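First the structure, in the form of structure tokens, and then the observations on it.
The values are calculated or read from the model by the stated rules, or taken from the named source; none is laboratory data. Keep in mind the model is a prediction, meaning the values are calculated, not measured. Using ideal geometry, Cβ is built from the backbone for each residue, glycine included, and neighbour counts are taken over all protein chains shown. Keep in mind that these areas ignore ligands, DNA and RNA; they rest on the heavy atoms of the full protein, side chains included. Shrake-Rupley method; radii C 1.70, N 1.55, O 1.52, S 1.80 Å.
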Amino acid sequence: MFEEYKNKIGHYIFKKKILKNYNSNFSFNNFVEKSFDYVLILPLNDLDFNNSFDVAKYFKIHKKNVTLFLPEYRKNLISITNNYNTLTYNLDEITKFGLPNKDLTTKIEKHNFDVLIDLERDENLFLASIASLLNAKFKVGFKKANIENLYNFQLVNTKINSEISYRNLLNSLKMF
């Protein structure tokens, strides 16, 4: 029960202080083709984490600069030969309300990207806060119930199979 209250307080703080609402008045013409710097927020679920690398590989194949946002303990799971940049965090950088602390917020806000792609399919207040704090002209992610207007391009999630969800994401982005 206490966790439920902490979660509600965290969502309140997120919506009042962190959430940056985006309108959809962007021209999406060729935004994937014209963009160079991408940041991908990798999911926390192990299966989703592994399946999400198809998205990262796609952008690397197309010679894009790809930065991966992930926990520090997962950094060693990434092959060095793929030359991904990383932005990492430790569990002590998450507040008791499930939000990024000031040090992590400062570190995150220093970076600028053309496109942010949030690959977390489930609701996660911490990763949604990171998506809101990262500076990117285009923000892409899966539709989530308690978080409206975070992304300027949202996709419906296929809850059953993450591989299909990520394939659908890539197929959608290929149109641009």
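Structure values in brief
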item	result
Cα gyration tensor shape for the range 27-88, rounded if a/c is under 1.5, else prolate or oblate	prolate
For the range 49-176: accessible area per residue (Å², 1.4 Å)	49 Å²
In order through the range 86-96: 3J(HN,Hα) via Karplus (6.51 cos²θ - 1.76 cosθ + 1.60), integer Hz, x for Gly, Pro	10, 10, 10, 9, 10, 5, 6, 8, 10, 6, 5
Links that overshoot a 23 Å alpha carbon limit, given the list K34/K57; K110/K174; K34/K60; K34/K159	K110/K174; K34/K159
N149-E72 pseudo-label distance in nm [points 7 Å out on the Cα-to-Cβ vector]	3.6 nm
Interchain or long-range residues, amide H under 5 Å from L87's placed H	L68, F69, L70
Accessible-area composition of the range 28-145, carbon plus sulfur, in percent [1.4 Å probe]	48 percent
